[in-house]
Structures are given as C-alpha cells and as structure tokens.
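Just so it is clear, none of the values below were taken in a lab; they were calculated from the coordinates. Nothing here was measured: the structure is a model prediction, and the numbers come from that model. All Cβ positions, glycine included, derive from the backbone under ideal geometry; neighbour counts span all protein chains shown.
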Amino acid sequence: MLKPSSFKPNSYEPTPATGLVAYFSMEIAINPRMPTYSGGLGMLAGDTLRSAADLGTPMVAFTLAHRKGYFRQMLDAEGIQTEDAQPWRIEDFCTEEAPRVTVTVENRVVALRAWRYEVVGRSGHILPIYLLDADLAENSDWDRRLTDHLYGGDANYRLQQEILLGMGGVRMAHALGLPLNVFHMNEGHAALLTLALLEAQLGGGPLGQVTETDIEAVRRKCVFTTHTPVPAGHDRFSLEQARRILGAERTERLESMGCCHEGLLNMTYVALRFSRYCNGVALKHGEVSQAMFPEYKVDAITNGVHGPTWVSEPFADLFDRHIPSWRRDHLYLRNAIAIPADELLEAHARTKETLLAEVASRTGLVLNPKVLTLGFARRAATYKRANLLFHDPERLQRIAQAAGGLQILYAGKAHPQDEPGKALIHGVIERAKQYSGTDLRVVYLENYDWNLGAALTAGVDVWVNTPRRPYEASGTSGMKAAMNGVPSLSILDGWWIEGCIEGVTGWAIEDGVDDAAEAESLYAKLEDAVTPSFADQGRWARVMQTTIAHNGSFFNTNRMVKQYIRNAYYPYDLVAAPSMVAEAVSTN
Ligand SMILES: *Cc1c(COP(=O)(O)O)cnc(C)c1O
C-alpha cells in the first residue's frame, strides 16, 4: 500500500505563469435568479469567483446545472416546513458549448454537455463558469435527471452526481481545450476529479499500474479546501455502493491508495490524498481540521465575502464618496474610521427601512425602525442553536422591556431530510406567537435566499450567531453584516475568533460549559453592552465605523482570493503570482 506518510508536502518547483485555475464546486451562487446553491458553501464559491473576476485572475469554474434547484421553503401557520422544486431556464442565463463528453456511472455511459455563464469582473475580465448538464436525449430518463437536484435524492444519487462533477468536469475541460494547471476542490464533493486526472496521467493504462510518480503528478496540480468539522459534512460511501457505481477496479485502487476511512470511501480522504495543499476556512478551523487529519498538513485561509455583492446601496454610495478606491482594494475600507457618524447612521437608517418594508410586504407586520433589531439567519442545523436566545424566555422578555422594545428577525431553511432542523424552525415560530403583542417581536421569514440574506445582514442592527463550538468552520453572514457596519454578537467560533474586538466590532458570547451558561452570557451582553450602546447613537456610530474598518477591510474575498493565489495556487512562483492580479489600475 502507498502510504500518505511517504509524501513530502510543499516540495514543488514553481508552477508556470500560464494556464488557468479550475475551481470545482457542487454548488455556486452565481446569480440571485439562478437557484444553483443551498447556502454558505455556494455563496462562498460565488463570492470567490466574483472577486477572482474583479482581480483579473485566470480561472474557470465547474459545477452542475441543478435544473430543479435546491428547494423553495414554505412555512405554514404552525411553522411546518414544506418544500417545492425551483425549476429555472438555464438557456436564459447561459450559452451551450459544443463539446459532449461521457462518463461511466454504474456501468452506464452518461453523456454530458456544458453551459457557459460569464462572470464579468469590474474591469471587464471574464471568468467562465461551466454548468454540466446530463439532460440529453441520448441518456436514459434516470440519467437525464442526475443534474437536476442539488443535494437531492439518496447517497446513490449523490455519488453519481459526484462522478459527473469531478470526472465529467475534467473531461469537459479537456474537450474545451482549457489549459488548466491548478485544480481547486471546493469541499470533497469534487474529489473524484483526481481520479480522472490519474486516469489521464496513465493515458488509458490500467489503474493497477499506478506508481507514486503518477500520484505525484496529480498532487502537483490539486488543492483542496475542507469546509466543516461536522462528520456528516464529509461525504462517505459504502464500498459496496462504490464498487457498484464507480466500478470495482477504481474502488479497489482508491482503497489501496488510502482513500477509505472506517471502511467507507471518504471523499475528504480522496481529496487529501491527491492534493499538494489543503486548507480550512478560518484559523481555528485549520487547527480543528489538522487534528482531524493528522497525517496531512492542513493550512488555513480565512473566508470572506464579495463586497459589492453584499454592501447595501446606501453604504456603497457612502463608500464611493468617502473611500473611492474601496471597490478596487477592500483594504481601503480601513478608512471607514473617517466617515462622519451622522452619515453612517443615515445610511444604516435607510438600509433598515428597506428591510422593514420587505418584512411588511412579506408578513404584513409593521416593525418599528427605532427599536433595536437583531438578525439570526442561517441553515437550520441543530449545532447552530437557533433557540439559544429563548433559553430563558422570560429573561429575554425583561431585556426587551428594559430596552424599550426588541425585534428579532429569523430566517433559514432546514434540509428536507433534517427533522431536528425542522423542529427548530417550528420552535422559533411557536415562541414568536407567544411573544406577540409584547415588547418583544419575533418574526420568522420564509425562504432564506440570496436577496433575503442581503437585506437582513445589511438592515438589522446586530447580527447574532450562536453555534455550538467548534462546529462553525467559518460562517460568512456576519462578514456581510460587518461590511455594512453591523456588529456581531456571537459565540467565539469560526471567523468571529479573528473578528471580535470587544465593544469595537461587536461582542463575544463567552464560552460556557453548557447551553445555559452560554445563554446567560448572551443575555448579560445584551443587557450590559448591546442595549446601552444602542441607546447612545453617537457611541453606536463609532462601533459601526470600527466594524467596517477592522472587519470589512479584511473579511472579504478580495483579500481571500489573493491569499489563495499566494498560498495555494502558486505558492513558490514569486514572479508569476503578481500577474494573477493584473487588474487595470486606471479605474477605481
Ligand atoms: C451568507 C449566506 C449563508 C452563509 O452564512 P453563514 O453565516 O455561514 O450561515 C447562507 N445562506 C445564505 C442565503 C447566505 O446569504
């Protein structure tokens, strides 16, 4: 058996300056009207590509078409979630490419085409995203549906999709004649691209003849980002399933090359085994992942968000006036400390007004723009503890009374098969009913998506996050808030460990031994820090200034993409790397 420990990570000669980075992701939030994403992973992928395009980075991306989307969430009066498909017309957004490629799935030959979407950077650089599509007349009815549902179906469907994405994507890249020199796997879903590269390396020869030199040739091209410390987030398939769907020979070779863990084919191990560089998505997550995978070296590059996508119009206007270079280089947002307080408060008031108008049009509820408003929106996964705020319902009510009112806006989808997640949503909606008519207004907004996410993160006064440590790999919604001067009140996990300066960029919920202790800290911070600061708007404006200056300037994909180029894509190519950010500097 070829042992991972025989590897020498980070021992590569410079990569040539020509060629493209290929970014592979099962989900990419490409356009608000294309339902090709489910949540944070897809948003990060989209923001990464938008910033890469802004920076003029030579890069392309591959994903699946997801013709039926993820799902549209509906909540009835009892807080019960039901789901609908989100069919959309790919031809309204993308153009069809000529080549066809095939992959073998469960001994069937599946044909694929690609649709091209162009991400246009701020100086005109075009970054193509290729959406792979199996809906072709030559495929069986089952196979035509393989690129329909993001995270739909069972493990069989998932493994088949992963073959299409990873292996189909590599073959499509070759068919399109793309000169690729780096393959970036955004999460393990795309790990099978390494198998296609290995087979190409062998030139059609049998996998049984693979040597350490062949593996090295693949590793030299591949980088991998892992995104979650939650074990269920790492794709695993039984060997029986793998043999049936991927084929016996491939499964056996993957097993012998160290890609299985606890008797299962593990896509994280596939990706780790064949990558020269691997990273987690925040400093703490890098450490946690390093401990999970001690036989590999795991670095960290902290996530970010794409500024122009998430900054509300009033704030974009404000930045354009006071910090005109912010669009070119978000580091200039450091100068937010010089934006006058009254202008910041005014821009926030307008953004909040837009949000509250949206809430009114969706729910009929008219909220008070003067009242402190908290936001909590994210996937309804149990570790995110959407109900921590309600640990002591009377205490929260007393806080609301003392503060002259409190409004809390919730949103988030539970995966259709996540019953505990659905129960959380139900619980929050039950609470909302109990509080109705009091100083505490709680609203759960349906169908959390890109547009609602933008309105919420920019328009509330404080962004709240209460994950159970250490499961929040990074989190990005608080970064969107920070870009708009909205401070966070959060558990010290993920990005917030790096972003929290107490009283300056927000407040930390202190680590406790259990939910009760952390809820106690949450209440204490609301009582002693957040509500008194909010009551003094001059003081609040200073928090807004420093939130943008410290966190808007750093937690963005403009900085993050440059870090990927320097640390992951072209780590030793000191000459080539600067040309990767060859944006015209004549415009802002
Ligand atoms: C930003 C965003 C996310 C990810 O936010 P987290 O902080 O990681 O939970 C998820 N869904 C939508 C719609 C978003 O805009």
Pull up all non-local amide H partners of LEU20: gap of 5 or more, or a different chain, and H-to-H distance under 5 Å with H placed in the peptide plane.
LEU180, ASN181, VAL182
Using a 10 Å cut-off around each Cβ, can you sort LYS370, LYS284 from fewest to most neighbouring Cβ atoms?
LYS370, LYS284
Viscosity 0.692 mPa s, 37 °C: Kirkwood-radius Stokes-Einstein D of segment 307-554 over Cα pairs, µm²/s
183
Ranked output for segments 328-338, 49-59 by mean other Cβ atoms within 10 Å, highest leading, reads 49-59, 328-338
Add +1 for every Lys or Arg and -1 for every Asp or Glu among the other residues with Cβ under 14 Å from the Cβ of THR82, and state the total.
-4
Mind giving me the FRET efficiency for ASP342 and GLN397? R0 is 30 Å, r the Cβ-Cβ distance, nearest 0.05 is fine.
0.35
Degrees separating the helix 313-322 axis from the principal Cα axis of the chain, which is the longest one:
90
Radius 15 Å from Cβ of MET544, net charge of other residues (Lys, Arg +1; Asp, Glu -1)
+1
Once phi for every residue in segment 397-407 is put through the Karplus expression 6.51 cos²θ - 1.76 cosθ + 1.60 (θ = phi - 60°), the whole-Hz ³J(HN,Hα) values, with Gly and Pro written as x, are 5, 5, 4, 4, 4, 4, 8, x, x, 8, 10
Using a Debye calculation, one point per C-alpha and no hydration shell, please list log10 I(q)/I(0) for segment 398-531 at q = 0.12, 0.13, 0.19 Å⁻¹ in order.
-0.50, -0.59, -1.38
Here the FRET efficiency for GLU502 versus GLU78, based on Cβ atoms and R0 = 51 Å and rounded to 0.05, is 0.80
Under Stokes-Einstein, segment 365-439 at 20 °C and 1.002 mPa s, with its Kirkwood radius over C-alpha pairs, diffuses with a coefficient in µm²/s of 162
Suppose we keep just the DSSP beta bridges with both residues in the chain; what percent of those would be antiparallel, to 5?
35
Add -39500 (n - 2.57) for each DSSP H run of 4 or more in the chain, then divide by its residues: what number comes out at 222 nm, to the nearest 500 deg cm²/dmol?
-10000 deg cm²/dmol
Where does the chain land on Rg(C-alpha)/(2.2 N^0.38 Å)?
0.96
Where Lys and Arg each count +1 and Asp and Glu each count -1, what net charge lies around GLY499 among other residues with Cβ under 14 Å from its Cβ?
-1
Please order LEU180, LEU146, LEU159 by the number of other Cβ within 10 Å, starting at the fewest.
LEU180, LEU159, LEU146
In whole Hz, what ³J(HN,Hα) sequence does segment 540-556 give by Karplus (6.51, -1.76, 1.60; θ = phi - 60°), x for Gly and Pro?
4, 4, 5, 4, 4, 4, 6, 5, 5, 4, 7, 9, x, 6, 10, 7, 9
With r as the distance between the Cβ atoms of ARG321 and GLU255 and R0 = 56 Å, compute the FRET efficiency 1/(1 + (r/R0)^6) and round to 0.05.
0.40
Per-residue counts of other Cβ atoms within 10 Å, averaged by peptide: what ranking do you get for 206-216, 415-425, 487-497, highest first?
487-497, 415-425, 206-216
For the pair ALA516/ALA423, report the inter-label distance in nm, with labels modelled 7 Å from Cα in the Cβ direction.
2.1
Quick check on the exposure proxy: order VAL182, VAL170 from fewest to most C-beta atoms within 10 angstrom.
VAL182, VAL170
Only Cα pairs under 8 Å and at least 6 apart count here; give the relative contact order of the chain as a rounded whole percent.
16
By how many nm would the segment from ARG116 to LEU136 lengthen if fully extended, with 0.36 nm per residue of separation less the alpha-carbon distance?
5.6 nm
List every residue whose amide H lies under 5 Å from the amide H of VAL119, counting only residues 5 or more places away in sequence or on a different chain, with H placed 1.01 Å from N in the peptide plane.
LEU127, ILE129
Long-range amide H partners of ASP299 with built H, under 5 Å:
CYS278, ASN279, GLY280
